[in-house]
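What follows is a single structure, written as structure tokens, with notes after it.
The values are calculated or read from the model by the stated rules, or taken from the named source; none is laboratory data. If you're wondering where the values come from, they're calculated on a predicted model, not measured in any experiment. We place every Cβ from the backbone using ideal geometry, glycine too, and count neighbours over all the protein chains shown.
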Amino acid sequence: MNVAIVFDSSFPAEPAYYDEVMAPSFKSEPDPEYQIAHALRQRGHTVKLLGAHDDPMEVMHRLRESPVDIVWNASEGFGTIDSLDFLLPALLDAEGVPLAGSIGRRGVPLVLGGSAM
């Protein structure tokens, strides 16, 4: 399964940057999006990390360029505004992109393992 993990990022970057530069730089416990990516990859899934910086349409553009089977939403807001936690899930839903992950207090869980995976 092809999975994209969308998360908050304080800087714009190409998806490969998060794997090639950021992931190896952790000296302690990695951020949750990297832990999720690692667990999914161990189970044979293809994972793309997409950091959402200051333009939600950039995330949508990247997903249109390279479609995935499901998006794991690890974003907790948008920019510096936590109350915009609905923004990326709403855009993904409007585009018909399958979505799992946290949506604020209204969480939608993704169950790893089992017959579905």
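Evaluate the stretch 71-83: report whether one residue or more is at pLDDT below 85 and under 23 Å from Met1 (Cβ atoms). Yes, the conditions are met somewhere in the stretch 71-83.
For the stretch 84-99, the set of residues classified as surrounded by 18 or more Cβ atoms within 10 Å (Cβ to Cβ), at pLDDT 75 or above and part of a loop (DSSP other than H, G, I, E, B) consists of Val97 only. In the stretch 9-46, of all residues being of a type in the set (A, V, I, L, M) and modelled with pLDDT of 85 or more, the one that is surrounded by the most Cβ atoms within 10 Å (Cβ to Cβ) corresponds to Ala37.
Condition test on Val6, is it hydrophobic (A, V, I, L, M, F, W, C), touching a Ser or Thr at 6+ places or on another chain (Cβ under 9 Å) and modelled with pLDDT under 80? Judged against the criteria, Val6 is not a match. Return the pair list, or none, for Cβ contacts closer than 9 Å from residues in the stretch 39-62 that are touching a residue at least 60 places away in the same chain (Cβ under 8 Å) to residues that are among the polar types (S, T, N, Q) and in a strand (DSSP E or B), at least 6 apart or on different chains. Filtered contacts from the stretch 39-62: Leu40/Thr46; His45/Asn2. Taking the listed residues Ser102, Ser115, the one that is at pLDDT below 85, within 11 Å of the chain's Cα centre (by Cα) and closer than 19 Å to Val3 by Cα is Ser102, with no other qualifying. Taken over the stretch 33-52, the criterion of being under 13 Å from Val71 (Cβ atoms) and either of a type in the set (Lys, Arg) or in a helix (DSSP H, G or I) (or both) is satisfied by Glu33, Ile36, Ala37, Leu40, Lys48. Flag not set for Glu58, criterion: charged (D, E, K, R), modelled with pLDDT under 90 and in a loop (DSSP other than H, G, I, E, B).
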